[in-house]
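Single-structure report; data block below.
The values are calculated or read from the model by the stated rules, or taken from the named source; none is laboratory data. Given the structure is predicted, the values throughout are model-derived calculations rather than measurements. Cβ placement follows ideal geometry from the backbone for every residue including glycine, while neighbour counts extend to all protein chains displayed.
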Amino acid sequence: MTKLKPWISLGGIGVFAFLLLGVAPLVLTDHWINNLGKYCCWAIVAVGIGLAWGRGGMLVMGQGVFFALGAYAMAMHLTLETAGDRIPGFMVLYDPLAPLPAFWEPFRSAGFTLLAIVLLPVIVSGILGYALFKRRVKGAYFAILSQALAVALATLISSTIRQTGGDTGLSDFKYFFGFVLNDPANKLLVYLIAAGLLVVCLLAVWQLYRSRFGELLVATRDAEERVRFLGYDPANVKLVAFVASALMASIGGAMFVPIVGIITPAEIGAAASILMIAGVALGGRASLFGPALGAMAVGWGQSSLGSTWPDGWTYILGLLFIVVILFLPNGLSSLPARFAAARRSPAPPPPTPAAAAAELEGVRS
Amino acid sequence: MTDASLIVTDLHVEFSGFVAVGGVSFDAHPGEVRFLIGPNGAGKTTCIDAITGLSRATGSARLGDRELLGTPVHKIVRLGIGRTFQTASVFDELTVLQNLDIAAGRHRPWTSLLRTRRGVDPSIERALEETGLTAELATPAGILSHGQKQWLEIAMLLVQDAKVLLLDEPVAGMSQDERTATGELLQRIAAKRIVLVVEHDMDFMRRFATRVTVLHQGKVLSQGTVAEVQADPKVQEVYLGTAGAATTAAMAVVPETVAAMHQPEEN
């Protein structure tokens, strides 16, 4: 069974890929394909959060930062591509003679943009993670710090309206690396890229989880000091997982832009960052599929219920979060195992309050 | 393995003004089971913490010609110094094999981390046999018995190829049979390694110690073989409580200690 298990997961990824890449384009309308693409972007971020939080124990509450790096890099390129030789429209609005800010210039190049989407989050998370993990910052302090960074970046973007578009964000993209974005065929292509990247991310964490690194990461999460006394530097182990999760957040952000057509600070700030976590907690942070499916479910709820019944949706999401943390600390993906356990032993002892409190603590830290 | 000895000279550890260890010197050599005993608060664990880099200390702790004080924890480990903790700390969610595999990992290139484990390392098989855990290979460490967890920790030190094993109360909470098995295990592995045991348990110490250092209030009270230490009036004083520092745990072993003094040593 233990020998078979990773291959069952691989089969699961295969089925998932078939549904996303094969079945969905045939049965869904353009509108829903676009929505599904958006959920895929959040799912890519969620897979990274599952790696850092579920397996690595780092509660990354500020993935919006890395999401923003990828999203704004892509959005700047698409804005410049749309504007052609002229200055982007929103800049002209404030000052018709304003030159293009220097940091925009390199994003004219498609190659530079793609490189930036990959390298920017790696560099930023590398420096940040190195500084934090070497100083042994962890638990709530790490969570608060990462959250604060997301808030700070959102505020920075809001306040630099002339350079970044501010609260209005960047939008009205006409082209995507030469393809006309209005064309449904090209929209499908963008969706397929996002879905394909999600499958690639799942494959990457699948291999990571079954590798020795995956075991070491879980060991670091559960007993960091013990790992240190086995001759490893736990900071390096956590750093790898953190950087990988930042990279995934950036990729998710980059694909979000052509699919949704707009990026604003609201998509990267505190609330957005927490929403990214919510899906992961719902699905099961330590499992392979839990984070991705949870994020897609929350995304679906957000765009269907969130638009028809916005007030109620917030309560439903909050309630869902509480119920999952109290009764299913390992998320919905732990349900099958629970049912199996319940069938083996008909009357499982109810969890003691102390155990439930400990589990809650585990989710929080 | 190595002929290098662990030599601790004039070790001082202070916690914001409180002197936990004040000038302790001792040495440990391969081939002996070295015991560090003393009442609660004597500074035994603090000595180990200082040697392994967990607590800041002054003085000197050398393995061969390498100074350990001031070296980062994971680098001290790479010099071949392994330790266990008072509470067994194994990776509960991982199996016995995964626990040992991680312990064996520091000898592998980092690229092997990205691959999946194939087969069982010979060093892991030897350690499993040595500690009697072969049957528990696929068991999650979290559901092992308390004694088995302690053995797993020792097995982890063995696959880590530690030259120095610093064991903090390895038999706490064990049954009599488990204690005997642990003591015999320590004597076996000490043949080629330095084994330093911090213990409260006098009976266990008497049965398995080669040499003993008695600590009291952060200082060395007495040093020597079991018989020498037990005959030392200063040790008797501390354990009889006249010094005013004896703990209830130490008091409990007083009859044994006194009785043992009148018995010829078993070995």
**OP:** Collect the residues in the range A:112-157 that are more than 20 Å from A:VAL237 (Cα to Cα) and either among the polar types (S, T, N, Q) or not in a helix (DSSP H, G or I) (or both), keeping them in residue-number order.
**Re:** A:THR113, A:GLN147, A:THR155
Original post:
Does the range A:243-257 contain at least one residue that is buried (at least 17 other Cβ atoms within 10 Å of the Cβ), within 14 Å of chain B (Cβ to nearest Cβ) and in a helix (DSSP H, G or I)?
Top reply: yes
Original post:
Somewhere in the range A:230-244, is a residue without any contact (Cβ under 8 Å) to a residue 12 or more places away in the chain and at positive phi?
Top reply: yes
Subject >> Some residue of the range B:146-154 being at the interface with chain A (Cβ under 9 Å from one of its Cβ atoms) and among the aromatic types (Phe, Trp, Tyr) >> reply: no
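Within the bounds of the range B:209-221, is there any residue that is free of Cβ contacts under 8 Å to residues at least 60 places away in the same chain and either over 19 Å from B:LYS44 (Cα atoms) or among the charged types (D, E, K, R) (or both)?
Pass one, the range B:209-221, residues free of Cβ contacts under 8 Å to residues at least 60 places away in the same chain: none.
Checking the range B:209-221: not a single residue is free of Cβ contacts under 8 Å to residues at least 60 places away in the same chain and either over 19 Å from B:LYS44 (Cα atoms) or among the charged types (D, E, K, R) (or both).
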**OP:** Could you list all residues from the range A:99-142 that are touching a Gly at 6+ places or on another chain (Cβ under 9 Å), at pLDDT 95 or above and within 21 Å of A:ALA270 (Cα to Cα)?
**Re:** A:LEU120, A:PRO121
Original post:
Of all residues in the range A:164-189, which are surrounded by fewer than 18 Cβ atoms within 10 Å (Cβ to Cβ) and either within 20 Å of the chain's Cα centre (by Cα) or over 30 Å from A:ALA24 (Cβ atoms) (or both)?
Top reply: A:GLY166, A:ASP167, A:THR168
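Is there a residue being over 22 Å from A:ARG55 (Cα atoms) and either within 25 Å of the chain's Cα centre (by Cα) or more than 12 Å from every other protein chain (Cβ to nearest Cβ) (or both) anywhere in the range B:89-106?
No; the residues of the range B:89-106 include none that is over 22 Å from A:ARG55 (Cα atoms) and either within 25 Å of the chain's Cα centre (by Cα) or more than 12 Å from every other protein chain (Cβ to nearest Cβ) (or both).
Being among the hydrophobic types (A, V, I, L, M, F, W, C) and out of contact with any helix residue (DSSP H, G or I) (no Cβ under 8 Å at 6 or more places or on another chain) is the filter; apply it to the range A:168-198 and report the residue that is farthest from A:THR113 (Cα to Cα). Let's see the steps before the verdict.
We begin by selecting, within the range A:168-198, every residue among the hydrophobic types (A, V, I, L, M, F, W, C); these are A:170, A:173, A:176-177, A:179-181, A:185, A:188-190, A:192-195, A:197-198.
In the following step, the residues that additionally are out of contact with any helix residue (DSSP H, G or I) (no Cβ under 8 Å at 6 or more places or on another chain) were identified as A:185, A:189.
Numbers: A:ALA185: 23, A:LEU189: 19 Å.
Among residues in the range A:168-198 that are among the hydrophobic types (A, V, I, L, M, F, W, C) and out of contact with any helix residue (DSSP H, G or I) (no Cβ under 8 Å at 6 or more places or on another chain), the one farthest from A:THR113 (Cα to Cα) is A:ALA185.
Out of the residues in the range A:200-224 that are in contact (Cβ under 8 Å) with a residue 40 or more places away in the chain and at the interface with chain B (Cβ under 7 Å from one of its Cβ atoms), state the one that is farthest from B:VAL120 (Cα to Cα). I'd like the intermediate steps shown before the answer.
Taking the range A:200-224 as the starting set, the residues that turn out to be in contact (Cβ under 8 Å) with a residue 40 or more places away in the chain are A:201-206, A:208-210, A:214, A:217-218, A:220-222, A:224.
From what's left, at the interface with chain B (Cβ under 7 Å from one of its Cβ atoms): A:210, A:218, A:222.
Numbers: A:ARG210: 16, A:VAL218: 20, A:ASP222: 23 Å.
Filtering the range A:200-224 for residues that are in contact (Cβ under 8 Å) with a residue 40 or more places away in the chain and at the interface with chain B (Cβ under 7 Å from one of its Cβ atoms), the one farthest from B:VAL120 (Cα to Cα) comes out as A:ASP222.
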Original post:
Residues in the range B:68-88: is at least one away from chain A (no Cβ under 12 Å), in a helix (DSSP H, G or I), of a type outside the set (S, T, N, Q) and in contact with a helix residue (DSSP H, G or I) (Cβ under 8 Å, 6 or more places away or on another chain)?
Top reply: no
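Quick one: which residue in B:LEU196, B:LEU167 is touching a strand residue (DSSP E or B) at 6+ places or on another chain (Cβ under 6 Å), within 21 Å of B:ILE51 (Cα to Cα) and within 14 Å of another protein chain (Cβ to nearest Cβ)?
Just one listed residue meets the conditions, B:LEU167.
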Original post:
Mind checking which residues of the range B:6-21 are within 26 Å of B:ASP65 (Cβ to Cβ) and surrounded by 15 or more Cβ atoms within 10 Å (Cβ to Cβ)?
Top reply: B:LEU6, B:ILE7, B:VAL8, B:LEU11, B:HIS12, B:VAL13, B:VAL21
Original post:
Take the residues of the range B:107-135 that are more than 30 Å from B:ALA50 (Cβ to Cβ) and among the β-branched types (Val, Ile, Thr): which is farthest from the other protein chains (Cβ to nearest Cβ)?
Top reply: B:THR134
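Every residue, every condition in (1) buried (at least 22 other Cβ atoms within 10 Å of the Cβ); (2) not in a helix (DSSP H, G or I), yes or no:
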position	(1), (2)
A:LEU10	no, no
A:TRP53	yes, no
A:LEU59	yes, yes
A:GLY70	yes, no
A:THR79	yes, no
**OP:** Read through the list (1) farther than 28 Å from A:LYS134 by Cβ; (2) in contact with a Ser or Thr (Cβ under 8 Å, 6 or more places away or on another chain), then give the number of the only condition that B:SER55 fails.
**Re:** (1)
Original post:
Which residue pairs have Cβ atoms under 6 Å apart, sit 6 or more places apart or on different chains, and have a first residue in the range A:296-315 that is under 20 Å from A:ALA46 (Cβ atoms) and a second that is surrounded by 13 or more Cβ atoms within 10 Å (Cβ to Cβ) and of a type in the set (Ser, Thr, Tyr)?
Top reply: A:MET296/A:TYR39; A:GLY299/A:TYR39
**OP:** For residues that are crowded, with 23+ Cβ neighbours inside 10 Å and within 21 Å of A:ALA43 (Cα to Cα), scanning just the range A:225-242, find the one that is farthest from the other protein chains (Cβ to nearest Cβ).
**Re:** A:PHE242
**OP:** Scan the range B:156-166 and give yes if some residue there is in a strand (DSSP E or B), of a type outside the set (Asp, Glu) and farther than 22 Å from B:GLU136 by Cβ, otherwise no.
**Re:** yes
Subject >> Count - residues of the range A:81-106 that are assigned to a helix (DSSP H, G or I) and farther than 13 Å from A:PHE176 by Cα >> reply: 11
Subject >> Close pairs from the range B:108-136: first at positive phi, partner assigned to a loop (DSSP other than H, G, I, E, B) and of a type in the set (Gly, Ala, Ser), Cβ under 9 Å, at least 6 apart >> reply: none
Subject >> For A:ALA102: the one exception among (1) within 23 Å of A:ALA152 (Cα to Cα); (2) touching a residue at least 40 places away in the same chain (Cβ under 8 Å); (3) surrounded by fewer than 13 Cβ atoms within 10 Å (Cβ to Cβ) >> reply: (2)
